[in-house]
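The values are calculated or read from the model by the stated rules, or taken from the named source; none is laboratory data. Because the structure is predicted, anything quoted here is derived from the model rather than measured. Cβ atoms come from the backbone with ideal geometry, glycine included; neighbour counts cover every protein chain shown. The protein model used for the area step is the full one, side chains on, heavy atoms only, and it has no ligands, DNA or RNA in it. Shrake-Rupley method; radii C 1.70, N 1.55, O 1.52, S 1.80 Å.
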Amino acid sequence: MTRYRGRFAPSPTGPLHVGSLVSALASWLDARANRGTWLVRIEDIDGPRTVPGAAQHILDTLTRFGMTADEPPVWQSQRAALYQQAFERLQATGLVYPCGCTRKEIADSLVRTHARHTTLAYPGTCRNGLNGKPARAWRLRVPDGDAAIVTFDDRWQGRQVQNLATEVGDFVLRRADDQWAYQLAVVVDDADQGITHIVRGADLLDSTARQIYLQRCLGVATPSYLHVPVVTNADGEKLSKQTGAAALDASEPLVTLNRAARHLGLKLGEAAATSLDAFYTEAVAAWSDRIRRQ
Ligand code: GLU
């Protein structure tokens, strides 16, 4: 069997908050429960959204909370050559095309095409040429018909089915602002780092079919997936910097970790509040038990 390799892949758009701690903790516990390797990858590919100092703050907080990576962290901003190579491989398959649509044009055409539907897939306007418009982004063509259906079994959420053609459409690999898209970078990195198990927040469930399709186009292995419930605020919105999530109180790691474990449905004994070692011993056992019953 391939040796377990998991990862936590934060975007340094702000300090770690309770929501991202839950993802970090779940991926850590799953790696430890499987006697695997746990890596951290800083997803600082989105230049405009990256906050200076946030990555170091995240790494320091993880260390304070007792989660240290088994290999040095990898930084996406240093891996542009890998994304370029993968993009060229995809281009060679004939599935990549330039897109000249602005956000507004896409929104307008969606309103026309999907007036009575709720799904908002890119309608493929530039599939057969730019019609004189300048190229802005680069998209990957998705299959039509039954070939567009991607199915996978999520270890927490169960069977997932997405029709890439009707629910997503041809998606962006390289953005109009010349940045590599998250979908491409994440697939290239997970493959390059030999990641076998992805454990992350359920806000990324919807991206997974695109990533599996990209893995197939690139001829790399598909890891197993587990998406944990996201932490929401009082209005039911996912906690993020945009919804005003507060940075973690790093002065009380044990209190915060016990809260994160409760969010994952882990029932821990009183010893878990006494030391980091005791917390992790209990939490790894409770996680294994929880996943077995999932
Ligand atoms: N960087 C992404 C985020 O912070 C997570 C990527 C992943 O786990 O696949 O939302």
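Return yes when ALA250 is more than 18 Å from SER20 (Cβ to Cβ), at pLDDT below 95 and not in a strand (DSSP E or B) and no when it is not.
Working: more than 18 Å from SER20 (Cβ to Cβ): no; at pLDDT below 95: yes; not in a strand (DSSP E or B): yes.
So ALA250 fails the test.
When you go through THR37, THR13 one by one, which is the residue that is in contact with a helix residue (DSSP H, G or I) (Cβ under 6 Å, 6 or more places away or on another chain), of a type in the set (S, T, N, Q) and either away from the ligand (no atom under 11 Å from the Cβ) or touching a residue at least 12 places away in the same chain (Cβ under 8 Å) (or both)? Show your work before the answer.
Working: THR37 fails: in contact with a helix residue (DSSP H, G or I) (Cβ under 6 Å, 6 or more places away or on another chain).
Of the residues listed, the single one that is in contact with a helix residue (DSSP H, G or I) (Cβ under 6 Å, 6 or more places away or on another chain), of a type in the set (S, T, N, Q) and either away from the ligand (no atom under 11 Å from the Cβ) or touching a residue at least 12 places away in the same chain (Cβ under 8 Å) (or both) is THR13.
Only one of ARG210, ARG290 is buried (at least 16 other Cβ atoms within 10 Å of the Cβ), basic (Lys, Arg) and under 14 Å from the mean Cα position of the chain (by Cα). Can you tell me which? Working first, answer last.
Numbers: ARG290 fails: under 14 Å from the mean Cα position of the chain (by Cα).
Criteria check complete, one pass: ARG210.
Of the numbered conditions (1) among the acidic types (Asp, Glu); (2) within 14 Å of the ligand (Cβ to nearest atom); (3) open to solvent by 30 Å² or more (accessible area, probe 1.4 Å), ASP153 satisfies every one except a single condition; which is it?
Of everything listed in (1) among the acidic types (Asp, Glu); (2) within 14 Å of the ligand (Cβ to nearest atom); (3) open to solvent by 30 Å² or more (accessible area, probe 1.4 Å), ASP153 misses just condition (2).
Taking region 40-76 only, how many residues are open to solvent by 40 Å² or more (accessible area, probe 1.4 Å) and touching a strand residue (DSSP E or B) at 6+ places or on another chain (Cβ under 6 Å)?
The qualifying residues number 4.
Answer yes if at least one residue in region 85-104 is open to solvent by 50 Å² or more (accessible area, probe 1.4 Å), touching an Asp or Glu at 6+ places or on another chain (Cβ under 7 Å) and not small (Gly, Ala, Ser), and no otherwise.
The answer is no, given that none of the residues of region 85-104 is open to solvent by 50 Å² or more (accessible area, probe 1.4 Å), touching an Asp or Glu at 6+ places or on another chain (Cβ under 7 Å) and not small (Gly, Ala, Ser).
Looking at LEU218, LEU266, LEU276, LEU204, can you tell me which residue is of a type outside the set (Ser, Thr, Tyr) and surrounded by 20 or more Cβ atoms within 10 Å (Cβ to Cβ)? Steps first, please.
Numbers: LEU218 fails: surrounded by 20 or more Cβ atoms within 10 Å (Cβ to Cβ); LEU276 fails: surrounded by 20 or more Cβ atoms within 10 Å (Cβ to Cβ); LEU204 fails: surrounded by 20 or more Cβ atoms within 10 Å (Cβ to Cβ).
The unique qualifying residue is LEU266.
For region 140-176, name all the residues that are of a type in the set (Lys, Arg) and closer than 30 Å to SER27 by Cβ. Walk me through it before giving the result.
If we filter region 140-176 for residues that are of a type in the set (Lys, Arg), which is where we start, we get 141, 155, 159, 174-175.
ARG155, ARG159, ARG174, ARG175 - these are the residues of region 140-176 that are of a type in the set (Lys, Arg) and closer than 30 Å to SER27 by Cβ.
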